[in-house]
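What follows is calculated from the coordinates using simple rules that are stated; it is not laboratory data. Here the structure is a predicted model, which is why all the values come from computation and not from measurement. Positions of Cβ are generated from backbone atoms using ideal geometry, with glycine treated the same way; all protein chains shown enter the neighbour counts.
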Amino acid sequence: MPAVARKSDEIGVPRMEATGQLIMVFSFYRDAELRGARLLLNLHNHLRDGDSQAKLTRHLADETRHAMLWTHRIAELGAAPAVIADGYQRRLGARIGVPKDTLELLALTLVAEGRAIDRYQSHAAMGGVDRATLEVLKAVSADEPWHLSWIERKMNELADERGERERAGQVLARYREIEKDVYASFLAEEAALATG
Ligand SMILES: [Fe+2]
Ligand SMILES: [Fe+2]
């Protein structure tokens with residue numbers, strides 16, 4: 001579920017009618033962060049060099065912290081995180097299939113990271129976002145450009161080493177196309193909910 005503009009009051013607590021929807025949006029973000037963390041845990045088994053290990057662990061710590069920030073925000077609204085059965089990564093994974101090597105895992109991470117930046121920036125740019133949520137959006141967004149840049153660099157490096165630059169480009173193009181489609185399905189569902 002993508003970001004949704006919500007009216008809020010002065011002290012950073014959304015109005016009652018919006019709270020349920022906000023909890024779902026934040027739970028959706030939290031789920032995407034946790035599933036992103038799982039991809040990074042997988043990558044720890046693939047990229048064995050010291051530099052990659054250090055970056056992966058820092059990256060993993062960021063994503064789990066992001067999940068915690070959303071968990072806190074949900075708690076501030078008096079709720080517990082909702083279980084997201086058919087969330088972003090899950091739907092994306094179902095369409096893409098199991099990545100069959102390091103290059104594909106990196107490509108999957110890259111498209112998901114790109115969406116994370118875009119999603120958080122769009123949410124922050126909407127009118128009526130309460131102050132506490134804006135703070136979380138700012139905190140999580142601050143880490144995302146580094147995630148995107150090091151994963152992209154690593155993927156290019158690996159593709160060059162293996163002489164698979166062309167394949168890397170093809171995998172990325174295919175994943176980006178599928179990802180757009182998957183994200184559009186959430187937007188369509190959200191629009192249907194809003195009007196329905
Ligand atoms: Fe994140
Ligand atoms: Fe990230």
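Ranked highest first by the average count of other Cβ atoms within 10 Å around their residues, in what order do 101-109, 39-47 fall?
On the way: 101-109: 21.9, 39-47: 16.4.
Highest mean packing first, the order is 101-109, 39-47.
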(request) Once you have the Cα-Cα distance between Leu134 and Leu187, take 0.36 nm times their residue separation minus that, and quote the gain in nm to one decimal. (result) 17.0 nm
(request) Please give the length that would be gained between Asn45 and Glu177 if that part of the chain were fully extended, namely 0.36 nm times their separation in residues minus their C-alpha to C-alpha distance (nm, one decimal). (result) 44.8 nm
(request) For each of Tyr183, Tyr29, Tyr88, count neighbouring Cβ atoms within 10 Å of the residue's Cβ, then give the residues from fewest to most. (result) Tyr183, Tyr88, Tyr29
(request) Would you work out which of Ala184, Ala82, Ala32 lies farthest towards the positive end of the dipole of the chain, given +1 charges on the beta-carbon of Lys and Arg and -1 on that of Asp and Glu, about the Cα centre? (result) Ala82
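Ranked by Cβ crowding within 10 angstrom, fewest neighbours first, how are Asp143, Asp31, Asp86 ordered? Please list the in-between numbers first.
Details: Asp143 18, Asp31 23, Asp86 11.
Listing Asp143, Asp31, Asp86 from fewest to most nearby Cβ atoms yields Asp86, Asp143, Asp31.
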(request) Can you tell me the relative contact order of the chain? Whole percent, Cα pairs under 8 Å, sequence separation 6 or more. (result) 31 percent
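Using +1 on the beta carbon of Lys and Arg, -1 on that of Asp and Glu, and nothing else charged, what's the dipole of the chain about the Cα centre, debye to 20? Walk me through the numbers on the way to the answer.
Details: 27 positive and 30 negative charges, 42 e Å.
Using Cβ point charges on Lys, Arg, Asp and Glu, the chain gives about 200 debye.
Please return the longest range in the chain lying between exposed loop sites, taking trypsin sites (Lys or Arg not before Pro), DSSP loop only, at most 15 other beta-carbon atoms within 10 Å, and leaving the sites out. All intermediate terms of the calculation are to be shown ahead of the outcome.
Working: sites that count: Lys7, Arg15, Arg48, Lys100, Arg162.
In short, 101-161.
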(message) Cut-off is 10 Å between beta-carbons; in what order do Phe186, Phe26 appear when sorted fewest neighbours first?
(response) Phe186, Phe26
